[in-house]
Amino acid sequence: MRSRSHLLNDRTAEHYRRSLTEGIGRVAEKIAGTEHPFTGITPSQLAPAVTGIDLEEPLGDPAAALDELEDIYLRDAVYFHHPRYLAHLNCPVVIPAVLGEAVISAVNSSMDTWDQSAGGTLVERHLIAWTAERIGLGTAADGIFTSGGTQSNLQALLLAREEACRLAQKNSAKPLRKPEILPRLRVLTSECSHFSIEKAATLLGLGAEAVVSMPCDDDRRMRPSALAAELERCEREDLVVMAVVATAGTTDFGSIDPLPDIAELCERAGTWMHVDAAYGCGLLVSRRRHLLDGIERADSVTVDYHKSFFQPVSSSAVLVRDQAALRHVTYHADYLNPRRMAENAIPNQVDKSIQTTRRFDALKLWLTLRIMGAAGVGELFDEVVDRASEAWQLLRDDPRFEVVTRPQLSTLVFRYLPPQPASGTLADEVNLHARQALFASGEAVVASTVVDGRHYLKFTLLNPETSIDDIAAVLDLVAEHAGRRLTARQGGLDSRRPGTDPEPVHPRAS
């Protein structure tokens, strides 16, 4: 009977209220008192505290469990809300969405069928329709919420694969089986696109070699001329381009491929166009909406609200121009969504999804729009894009650094330049050291990537609270750590073994 006291129901509602109040209070205090984005703790330092806990011996008391959680998680968490967290595509979250998260967890709706979610189904469908309208996909559009951009890209390419096979079979003079078509399928995408495109091709039985990378210009945008040439080559060699993937906000550079040009080529070739706008979808509510011109011509689109809409993970979606394409993921189970339900117009979301059990993540975005409004979200995203432009100017004018390209969104790729001629591997080493030393200090968190075989640092700005002064201070810290490493190396004080300089790696593997 004691275990039942932990079940959330009508008799334990007050226990639920007290427990959450205490937990929220702890988190609020931690957020209010966080001085740095990270403590600098290492895996070897933290692991014993976690693995030493005996999970067979419950504490029985929420306060004791929260005390323990402070030691193994809250104290050393990486806090994205801190203005000097500048590393990855992690955003601080808006409070209306966190309110939605609390509601979702308590009610625990499952979004697969109407008889498990009811109103939640209609809320999600309305948000999909709203997003499709913002994109401009037309009245036949539809979509589904997903766990993130990787899943959205996978589902979009699954639909594209099935459509490509259907058309190949339809247009063939002789009967064709799918196994005969699959080896001929190709996906064309930018060399700066997300690794999930190759992963999706592998999961879809095509292999990573089916993905053909298109070269980019100096702004890291796909070259339409290269795409045109590759489309022509594939046609000559009897290969089937099942999809062209354009990126609206690359992970490394925030670059946006020339969507109108790509759309024109896809329409001419009769090829599925997918736009991965996981990062750039914030432009849908921004004063910079024009940067997405051409996205309305896509056959499918990936959006990640948990990036540029300031939503908690996870909150994402995949949308399609023609809702009929979603039939390729429709499977009927007698116990769950039998065919008669579709015939009777019962709205079961599992009919559109590659997931079955699925959280009501749409509620977070719903409450955000109902409390803040789309313009409020767009204002926050515009702030970080503005800040990136200011930071680019700062980097361009600072002789200590070089910056790769002017950002279209809020990402900056740069590196520290040794003040005297140095080998490429030494420059790589001091930049990687600066990043690691900064992380170990906990004062700031920055990312790294590889450009043309050399190691660079990266700022990803998604926090409107990050000021240009914060950025300038972090740049000073980077230069300080890099300079110390350079001095130590040149003075023979380094303990590294000869030949252990970091090796250049392929950009797509970074």
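The values are calculated or read from the model by the stated rules, or taken from the named source; none is laboratory data. Treat the numbers as computed from the prediction; the structure is a model and nothing was measured. With ideal geometry, Cβ positions are generated from the backbone for all residues, glycine too; neighbour counts draw on all protein chains shown. When the accessible area is computed, the model is the full protein with side chains, heavy atoms only, and any ligands, DNA or RNA have been set aside. Shrake-Rupley method; radii C 1.70, N 1.55, O 1.52, S 1.80 Å.
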Global geometry of the chain, whether rounded, prolate or oblate, following the gyration tensor of its Cα atoms and the 1.5 cut on a/c: oblate
Proximal aspartates and glutamates to K199, defined as alpha-carbon separation beneath 12 angstrom and excluding residues fewer than eight positions away on the same chain: E209
In Å², nearest 10: area of D334 left accessible to a 1.4 Å probe: 140 Å²
Between segment 284-340 and segment 411-484, the alpha-carbon center distance in angstrom: 35 Å
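Ordering T139, T271 by accessible area with a probe of 1.4 Å, largest first, what comes out?
The residues order as T139, T271, largest area first.
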Rounded to the nearest 10 Å², the accessible area of D276 at probe 1.4 Å: 10 Å²
Alpha-carbon centroid distance for the pair segment 131-202 / segment 226-271, whole angstrom: 13 Å
Rounded accessible area per residue of the chain, 1.4 Å, Å²: 47 Å²
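Could you size up the charge dipole of the chain around its Cα centre, putting +1 on the beta carbon of Lys and Arg and -1 on that of Asp and Glu, and report it in debye to the nearest 20?
Charge dipole of the chain: 1020 debye, to the nearest 20.
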Percent of beta bridges antiparallel (DSSP, the chain, rounded to nearest 5): 55 percent
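What's the magnitude of the charge dipole for segment 124-246 around its Cα centre, counting Lys and Arg as +1 and Asp and Glu as -1 at the beta-carbon? Answer in Debye, nearest 20. Mind dumping the intermediate values first?
Values: 16 positive and 17 negative charges, 86 e Å.
In total the dipole reaches around 420 debye.
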The chain - percent of accessible surface contributed by carbon and sulfur, probe 1.4 Å: 53 percent
